[in-house]
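Here the structure is laid out as structure tokens; the discussion comes afterwards.
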Amino acid sequence: MIRSYLVDLRNKKDYSQRRVARESGMSFQHYARLENGSRGGKVSLVIMGRIAHTLDISLEDIYQLEEKYQNKLQRMKEQYDDD
């Protein structure tokens, strides 16, 4: 499941994935996996802090957005397991 909040924040800044990755100190591949959800697990606070700084959002705000993402992901997994 795509982290649409990251896509939205990045697009508001008119940044590419490569730029966010570079300015956040990670590889393009790592950032792309985070954003597109192929790396859907929990993200470290350090990484979230770097991304928040790059996208000019508070750590608290990006943490809340990530928490919503994780909760939705968990609900989807539970629903899938029930079927």
Pull up the cross-link candidates among the lysines for Lys13, meaning alpha carbon to alpha carbon under 17 Å and not fewer than 8 places away within one chain.
none
What residues qualify as long-range amide H neighbours of Gly37, i.e. H under 5 Å apart, gap of 5 or more or another chain, H built at 1.01 Å from N?
Arg3
Checking the cross-link filter: which aspartates and glutamates have an alpha carbon closer than 18 Å to that of Lys77, excluding same-chain neighbours under 8 positions apart?
Glu66, Glu67
For region 4-82, average projected area of the Cα convex hull in nm²:
4.8
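Throughout, read-outs are computed from the coordinates displayed, never taken from laboratory work. Note that the coordinates shown come from a computational prediction; the quantities given were computed from them, not determined experimentally.
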